Each structure stands twice: as C-alpha cells, then as structure tokens.
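The values are calculated or read from the model by the stated rules, or taken from the named source; none is laboratory data. Model, not experiment: these values are computed from the prediction. So basically every Cβ, Gly included, is an ideal-geometry build from the backbone, and we count neighbours across all protein chains shown. Ligands, DNA and RNA are stripped out before the accessible areas are found, and what is left, the full protein with its side chains, is counted by its heavy atoms. Shrake-Rupley method; radii C 1.70, N 1.55, O 1.52, S 1.80 Å.
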Amino acid sequence: AMRWICDDDTVKSNDMIDNKDSHKDATGTLSKRNCYGANKGHYSYSDPAKELIRKGQAFYENHDLKNAKNTWQRAMEVQTTELGEDHPVVALTLNGLGTALTEERNFNEAFEKLSRALEIQLKQLGEKHGDLMATYVNIGGVFQEQHNYEKAEEMFRKALDIELEAGPDNNAAGLYQHLAFNMKSQGKDSEAIKMHKLALARFLQKHGEVHKDVAFAYNGIAGLLFGQERFDDALQMLDKSVEVCNRLQSQGDFHLKVHEQSLANKASVLERLGNFEAAAEMFDEVRKIQTAERGEMHPTVADTYEDLAEVYLAQDLIEDYVNALTKALEIRRTVLGEDHPSTRELVATLDFENRRALRLNGEGMAANAEGDPEKRLRELLSTIQYENAKSLNDEGMAARAEGDPEKAIQRFQEALVAYQEIGDADRSIAVVYQNISAVKVGQGLLEDAIAASAESLKIHRRTLGDDHAYTKERMDDHRSLLKRLLETRS
C-alpha cells in the first residue's frame, strides 16, 4: 500500500485564507473551502452583493462549482456597477472565481481571473497589502497544477514575504507547507523537510502540542522521510501524529481527516518494514473509522480496501486479496460508475485473478474426471511447494524486520527459486523481487535494488499492462530508485 496520503484540506495547491486583516482570528491553516480570499468585512458594498457572495461560498463548500461560479459572477456584476471595475472587492470575487476554475482544472481561465485580481490589487493597494497574499497563493496553485514548479515557488514566496511582514501572529505556517509540497515536487527533499519543520514550529508555538495542525505537520515530515526510504524516522513522526490524534479524541475533539491520515500512513510504513499483520490491523482500523463517519459506500473506504489488498498480496494471501478488491470494486461501481478509470482498473485486476483461478481449477477438475493420479500428485506437490515458497518469503520479511538483511536476502532468493519451480506464480515472484529491492535499498546497494525492481516491473507490465494502477506504482518506485542512483553519482 504505497498510496501515501497528504492533507488535501489544510494544504492544497489552490488553498486560500480567510479573515486576512484579523490575524488573531486566523486559523493558521490555508483552508481550501474558504476560497473567497481576504477579509470581506473591511470593504463596504451592498447587501444584495454580499448575499450573492454568501450563497456562492455555500455552493463552493458543497462542491457545487457551477452554481458557485454563476453566483459569484452575478455578485461581481453588481459590485462593478456599484464600485467600478477596479475596486479591490472585485478582485476578491475574481479570486473566488479563479479558485473554482482551478478546481475544475480550467487553468487558462483561472489564470486570467487571478491575474486580473492581482492587477487590480497592485494598482489600488500597493505591493505589500495583505489582500495580495491570497492572490499570490492561488496563482501559485495554478502553476503548481500545471507542473510549473519554479513559477509556483515564486508566487508562494511572494505570499510568504507579505505574511511575515504582518507581524509575529501570522499565518506563515500554512505557506511554509505550500512551499514544502512545492519543494518536494521539484525533488528538493531537504528543503521540503526544512519548510515542514518551520511550519511545525509555528503550529507548536501557536497551538501547543495537542492540535490537528500539529498532527498534519508531523504527517508532512513523515511523508518526505517515507519517500527517502527512511522508514524508522517516518514511523517516529507518525507515532507523534497518532498520539496527538488520540489525545484530541480523548478530549472530545475528533478530527476524521487527520486521524485516518495518520493511521493509514503509519500502516504504509509498517508494510514497508515488513510488519504486515500490524499494517493490516491498522488499515482495518482506518476502514472502521471511515465507515462509521461516512458510511460503507464511500470512495475513501474503497481506497482502504485496496490498501488492505496490497498487504494481503505481499503475504500471498490471494483469497483475502481478491475479497478486499471485490469489496473495493463494489463501492467504486456504486459511487463512480462502471466507466470510471478506478473502476476499470479494478475490473482488469480481478479479471486477471479470476482467469488464473479458473484455469487452475479447470485443470484440476479435468485431472479428476480423467482419473489421472499422476496429475493429482503433481497438484498436491505444487501446493506443498507453494506453501514452502510462501513460508520462505515470510521468513525473509521477518529477517528484514529484525534487521538481518543478509538472512532476508537468502530467504528471498530461496523463495524465488521455489516459486519459479511451481510455474504460474508471476505475481508472487514480483512481490519477492520488490522485497529484495527494498532490502538492497536499506543496504545502500542501489544498483542491485534497481535490478530487482526492474524484474518486478517487467512482470507487472506483462501480466497487468502499463496502464494498470499497480504497474504505475512500480514504475514510480523504479524511477525513484534511478533518480537516487543518478544523484549519488553526480
């Protein structure tokens, strides 16, 4: 389960901040759903326009982007008539429109609206006015979504400069997090960790240890450590995040998103460390929380079933693996429909497993019908070989978890031989190659890790195809290893 979860409400590329001129009321985070921009109370305009702005915000918070845009467009027409087209309040409404357009991935029109907002603000308010902070963040968000990370960084830094000048009680923590994710996108992991730590220090100073923003900050640092294969360090950060969440819950202050994020990310780290049972238990705990809060038929529940499936597959628990994917598919079909890419990928995976199971079962039935004792004996031997291969892989994972890489590699190599003797064990062989690659990374043997990763990727491409989600994950892992090797040689 290599799906690392990052906070999509506290820090997102197109986040904005509210109550800009009243720093004591600001939350310290950049809330995605508070999209309108700066403090709307410090400009005077008519009640009808204010009502339209309020309705637009309500539509936006309910993810009804079409009605949000239409309502804000009508508000802007009223504002322009009353105040003129270059009034700062018009710039705020343009910010709302630009944010909604960014969420729709209509980046050209979003950039046009936001650029016009910036033009008005620079003309009417000057370069250092607080209103410009949100506009720079939103323009940076457009660049970030278009993978123009250098321009995005430029915008985020301009926003940060304005925010830092506002005084000590400001919202710089959220902007540090923006920059952290931007740095990560550019491959500047060390700079990204530095930004996350600056955000964490601000949150601790403002809120103390027990606050959801602090938990999110620990998660941000853990995500970067996870990407660097520093799993033990990542686990320490996530333990702190989970502790904060538990203390919040004990105080009656339960925050679903940070709680599920902390547990799911910790489960992913445990999986990479080879502690599959603990990872499965934690993913199941996440699933129970999600189901209790959102209901069984929710996309996040499907995500967690897929995470569980990956853990089962790593242990060669094929029946549990297929059952978890089947439950995920039921949710995807109900919520997203048959034609959604996520649904189609799951259908392709299950079709592959079902075809293999039917073929093996069909061969066994034919042998029984023909009264072929030799074939039945071969099937029995194959079952024994499979269990032996699985046991060797499990011993390798245990050795890795105990910090004995030499023994782990030996057991994995023995498991490979055993699986290869069985035949028709491609997926299990791919898993063993992944395990070998992970151990080699831990030993600093990147070339060996890349060789094992390449074998795993080759099997995924042959059995599932290049467009399957699992193949794409293996491709990403392989590229990451190649990049690390190049960095060590430069």
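Brief remarks on what is shown
- Gly126 being over 30 Å from Asn70 (Cβ atoms), surrounded by fewer than 16 Cβ atoms within 10 Å (Cβ to Cβ) and modelled with pLDDT of 90 or more: yes
- The set of residues in the range 233-259 that are more than 14 Å from Ala217 (Cβ to Cβ), surrounded by 14 or more Cβ atoms within 10 Å (Cβ to Cβ) and among the hydroxyl-bearing types (Ser, Thr, Tyr) is empty.
- Single residue of Ala415, Ala452, Ala438, Ala469 found to be under 22 Å from the mean Cα position of the chain (by Cα) and surrounded by 22 or more Cβ atoms within 10 Å (Cβ to Cβ): Ala438
- The range 66-82, subset open to solvent by 60 Å² or more (accessible area, probe 1.4 Å) and of a type outside the set (S, T, N, Q), residue farthest from Phe143 (Cα to Cα): Glu82
- Residues (among the aliphatic types (A, V, I, L, M), under 17 Å from Arg54 (Cα atoms) and free of Cβ contacts under 8 Å to residues at least 60 places away in the same chain) located in the range 81-114: Val89, Val90, Ala91, Leu92, Leu94, Leu97
- From Glu153, Glu103, residue being open to solvent by 40 Å² or more (accessible area, probe 1.4 Å) and of a type in the set (D, E, K, R): Glu103
- The range 274-312 - residue that is under 21 Å from Glu473 (Cβ atoms) and not in a helix (DSSP H, G or I) and, of those, modelled with the lowest pLDDT: Gly274
- Failed criterion for Met195 (all others in (1) in contact with a His (Cβ under 9 Å, 6 or more places away or on another chain); (2) within 21 Å of Asn95 (Cα to Cα); (3) crowded, with 24+ Cβ neighbours inside 10 Å hold): (2)
- Being among the β-branched types (Val, Ile, Thr), part of a helix (DSSP H, G or I) and in contact (Cβ under 8 Å) with a residue 40 or more places away in the chain is a property that Val78 lacks.
- Residue within the range 205-218 that is farther than 22 Å from Cys245 by Cα, touching a residue at least 12 places away in the same chain (Cβ under 8 Å), open to solvent by 30 Å² or more (accessible area, probe 1.4 Å) and part of a helix (DSSP H, G or I) present: no
- Test set (1) modelled with pLDDT under 90; (2) hydrophobic (A, V, I, L, M, F, W, C); (3) farther than 22 Å from Phe181 by Cα - Leu97 fails condition number: (1)
- Selection from the range 457-490 of residues that are more than 22 Å from Arg344 (Cα to Cα) and in contact (Cβ under 8 Å) with a residue 24 or more places away in the chain: Asp477, His478, Ser480, Leu481, Leu482, Lys483, Arg484, Leu485, Thr488
- In the range 288-317, the residues that are touching a residue at least 24 places away in the same chain (Cβ under 8 Å) form Cβ pairs under 8 Å with partners that are surrounded by fewer than 16 Cβ atoms within 10 Å (Cβ to Cβ) and among the hydroxyl-bearing types (Ser, Thr, Tyr), at six or more places apart or across chains, as follows: Met297/Thr334; His298/Thr291; Val301/Thr291.
- Consider the range 418-435 and keep the residues that are over 21 Å from Leu273 (Cβ atoms) and in a helix (DSSP H, G or I). The one that is nearest to the chain's Cα centre (by Cα) is Arg427.
- Subset of the range 252-268 (residues that are out of contact with any Ser or Thr (no Cβ under 7 Å at 6 or more places or on another chain) and of a type in the set (Ser, Thr, Tyr)): Ser268
- Under the condition of being closer than 21 Å to Val431 by Cα, in a helix (DSSP H, G or I) and modelled with pLDDT under 90, the residues counted in the range 313-334 number 10.
- Among (1) β-branched (Val, Ile, Thr); (2) within 16 Å of Phe231 (Cβ to Cβ); (3) touching an Asp or Glu at 6+ places or on another chain (Cβ under 8 Å) - the single one Val269 does not satisfy: (3)
- Take the conditions (1) more than 14 Å from Glu229 (Cβ to Cβ); (2) among the basic types (Lys, Arg); (3) surrounded by 14 or more Cβ atoms within 10 Å (Cβ to Cβ); Arg462 misses just one of them, which is (3).
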